[in-house]
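Trainee: One structure, pasted below without further comment.
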Amino acid sequence: MWLNYPNNPTAATADREFLERAVEFCRRNDIILCHDAPYSEIAFDGYRPLTLFEIPGAKEIGLEFHSLSKTYNMTGWRIGWVCGRAELVNAIGQLKTNIDSGIFQAVQWAAIEAMNGGEEETKAACGVYARRHRLVADTLNSLGWNIKPPRATFYVWAEVPKGYDSIGFASHVLDQIGVNITPGVGFGAHGEGYFRLSVTARDERLEEAMSRMRKLRL
Ligand SMILES: *Cc1c(COP(=O)(O)O)cnc(C)c1O
């Protein structure tokens, strides 16, 4: 079973009870639970995403993945880790040695540097994301949406207005105000009816996009 919390694209977070149920289910059915957790450090206002290994019994069946992509702005550098019971990690090692090879040494040195003191930068970045999230939520809410800034990730996931599907709404926004939003259906059929925004663009650009959104006619 593959889970991803805090989630991309929805920014949903998993509470303890949800993870307990997942662990229980996997234990009962002899399934390995892989938790993809690249947003574990991108959280706001005192919220701390749970690690799978806080859940009793998770160690026997669980693996947790992290990437430096989001935590240290190293997207595309292709470096991360997996944590879990030796036997399960070995299985991943066996698979991986058959599909790729070692990471470029300079990227490994950069990763060591990041992990030996990048915490302050990550914290500062979270402050920036949280501020931008408030701007996006305020803007959308002033237009009739009713969203709360998310507790984690740098995404905003919101419903498209009545009368549109997600591609239709994204096209409308692009044609009318030149702002590119991501149609939810691009993430799979269950994303229909939603769109995703990201708050990774620099302040001026996001502010410009939000001031254009305020002029959007639906
Ligand atoms: C960004 C991201 C990752 C990490 O991918 P990398 O290949 O390490 O950049 C993994 N899972 C999800 C859901 C992500 O959004």
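None of the figures in this text is laboratory data; all of them are computed from the coordinates on show. Remember, it's a predicted structure, so these values are computed and weren't measured experimentally. Every residue, glycine as well, gets a Cβ built from its backbone with ideal geometry; the counts of neighbours run over all protein chains shown.
Trainee: Round to the nearest 10 and give me the degree value, 0 to 90, for the angle of helix 166-177's Cα axis relative to the longest principal axis of the chain.
Mentor: Here the helix axis deviates by roughly 50 degrees.
Trainee: Taking each pair of distinct Cα atoms in the stretch 84-129 once, what is the resulting Kirkwood hydrodynamic radius in Å? If you can, show how the numbers build up before the last one.
Mentor: On the way: mean 1/r = 0.0754 Å⁻¹.
It is 13.3 Å.
Trainee: I would also like to ask the following. Using only C-alpha positions, report the orientation-averaged shadow area of the convex hull of the chain, nm², one decimal. The partial results should precede the final answer.
Mentor: Values: hull surface 56.1 nm².
That works out to 14.0 nm².
Trainee: Let me ask you something else. Please sort by residue number the trypsin sites (Lys or Arg not before Pro) in the stretch 123-218 whose DSSP state is loop and whose Cβ has at most 10 other Cβ atoms within 10 Å. Spell out each step's value before the answer.
Mentor: Details: sites: Lys123, Arg131, Arg132, Arg134, Arg151, Lys162, Arg196, Arg202, Arg205, Arg212, Arg214, Lys215, Arg217; in loops: Arg151, Lys162, Arg202, Arg214, Lys215, Arg217.
Answer in residue order: Lys162, Arg202, Lys215, Arg217.
Trainee: Hey, another quick one. Past 27 Å, Cα to Cα, is the threshold; run Lys123/Lys215; Lys96/Lys123; Lys59/Lys148; Lys123/Lys162; Lys162/Lys215; Lys70/Lys215 against it and keep the listed order. Before the final figure, lay out each step's value.
Mentor: Working: Lys123/Lys215 33 Å; Lys96/Lys123 32 Å; Lys59/Lys148 34 Å; Lys123/Lys162 38 Å; Lys162/Lys215 18 Å; Lys70/Lys215 32 Å.
Too far apart for the 27 Å limit: Lys123/Lys215; Lys96/Lys123; Lys59/Lys148; Lys123/Lys162; Lys70/Lys215.
Trainee: What chymotrypsin sites (Phe, Trp or Tyr not before Pro) in the stretch 61-134 are in a loop by DSSP, with at most 15 other Cβ atoms within 10 Å of the Cβ? If you can, show how the numbers build up before the last one.
Mentor: Working: sites: Phe65, Tyr72, Trp77, Trp81, Phe104, Trp109, Tyr129; in loops: Tyr72, Trp77, Phe104.
Sites meeting the loop and neighbour criteria: Phe104.
Trainee: Okay, next question. Given the alpha-carbon gyration tensor of the stretch 2-115, what are the semi-axes of its equivalent ellipsoid in whole angstrom, ordered largest first, with each equal to the square root of 5 times an eigenvalue?
Mentor: On the way: eigenvalues 121, 81, 23 Å².
Largest first, the stretch 2-115 gives 25, 20, 11 Å.
Trainee: With the chain treated as a Gaussian network of Cα nodes joined by springs under 10 Å, which of Ser198, Ser166, Ser101 yields the largest mean-square fluctuation?
Mentor: Ser101
Trainee: Of Thr122, Thr97, Thr139, which has the largest mean-square fluctuation in a 10 Å C-alpha GNM of the chain?
Mentor: Greatest mean-square fluctuation among the candidates belongs to Thr97.
Trainee: Helix 86-99: angle to the longest alpha-carbon principal axis of the chain, degrees 0 to 90, nearest 10?
Mentor: 70
Trainee: Turning to a different aspect of this structure: Over the chain, what is the mean sequence separation of C-alpha contacts under 8 Å (at least six apart), divided by residue count, expressed as relative contact order in percent? All intermediate terms of the calculation are to be shown ahead of the outcome.
Mentor: Details: 325 pairs, mean separation 40.8, N = 218.
Relative contact order, the chain: 19 percent.
Trainee: So what's the convex hull volume per residue for the Cα atoms of the stretch 90-218, in Å³?
Mentor: Details: hull volume 22.4 nm³, N = 129.
About 174 Å³ per residue, rounded to a whole number.
Trainee: Mean-square fluctuation check for the chain, GNM, Cα pairs under 10 Å: which of Val136, Val107, Val199 is largest?
Mentor: Val107
Trainee: Counting each DSSP H run of 4 or more residues in the chain as -39500 (n - 2.57), what helix-only mean residue ellipticity at 222 nm follows after dividing by all residues, to the nearest 500 deg cm²/dmol?
Mentor: Working: 8 runs with 94 residues, N = 218.
Helix-only estimate at 222 nm: -13500 deg cm²/dmol.
Trainee: Identify the trypsin sites (Lys or Arg not before Pro) of the stretch 40-86 meeting these criteria: DSSP loop state and at most 13 other C-beta atoms within 10 Å of the C-beta.
Mentor: Details: sites: Lys59, Lys70, Arg78, Arg85; in loops: Arg78, Arg85.
Taking the stretch 40-86 and a limit of 13 other Cβ atoms within 10 Å, the loop trypsin sites (Lys or Arg not before Pro) found are Arg78.
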